[in-house]
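This report refers to the structure that appears directly beneath it.
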Amino acid sequence: MQIILLQDVEKVGKKGEVAEVAEGYARNYLLPRRLAEVATPGRIAQVRKIMEEKAAAARREAERANETRELLSKTVITIPASVGSGDRLFGSVTNQDIAAAIYAARKIRVDKRAVDLEEPIKMVGTYLVKVAVHPTVEPAEVKVIVVPEERKS
C-alpha cells in the first residue's frame, strides 16, 4: 500500500515522502496514529509541489546566508575599550559586544551564540572571529580590532 508520511517514521521514511508499506502496517499502525495518510494521485502531486517549494525556499535562504557571509567577511570592526597597564583591558570584549558592533556597522542581526569566541578578548589587538551565519554555509571571519578608548581630558 502506498502512503504519504506525515511525520518521520523510523525504518520507513521522512515526512512528506511517499512509501510502500504492508497494508496491515498502514491500517493498524500508521493511519490510526496519524503518522501517514493514504497516497492518492492528487495528494501525491500536492505533497511533491510543497516539497519543491520548501527546497526552493531553502536554496534561497542559503544564497542569502552566503551573501551575508561574504559581506561579514569584508567587515572590519573597531571596538574601543578601557585599557589598563600593558594593553590589558578593564573587563573584556565578549561575543555579545561583537554581535552588537556587527549590527552597528552593517545592520545585520547576529545572535551572540553565533559568534565563536574561545574566550573573551582581554588584550588590545587584532583578532579574527568566526561568525556562524547559517548551518549550511561556512562561518564568516570578521576582523575585530580592539583599541584603547579615547580619554576625555
Matching entry among S82, S73, S92 (being of a type in the set (S, T, N, Q) and touching a Gly at 6+ places or on another chain (Cβ under 9 Å))
S82
Can you confirm whether the range 54-76 contains a residue that is aliphatic (A, V, I, L, M), surrounded by 11 or more Cβ atoms within 10 Å (Cβ to Cβ) and touching a Lys or Arg at 6+ places or on another chain (Cβ under 8 Å)?
yes
Answer from G125, G86 - the residue that is touching a residue at least 12 places away in the same chain (Cβ under 8 Å), over 22 Å from the mean Cα position of the chain (by Cα) and on the phi > 0 side of the Ramachandran plot:
G125
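Each reported figure results from applying straightforward, stated rules to the coordinates on display, with no laboratory input. No experiment lies behind these values; they were computed from the predicted model shown. Virtual Cβ from ideal backbone geometry, glycine too; neighbours counted across all protein chains shown.
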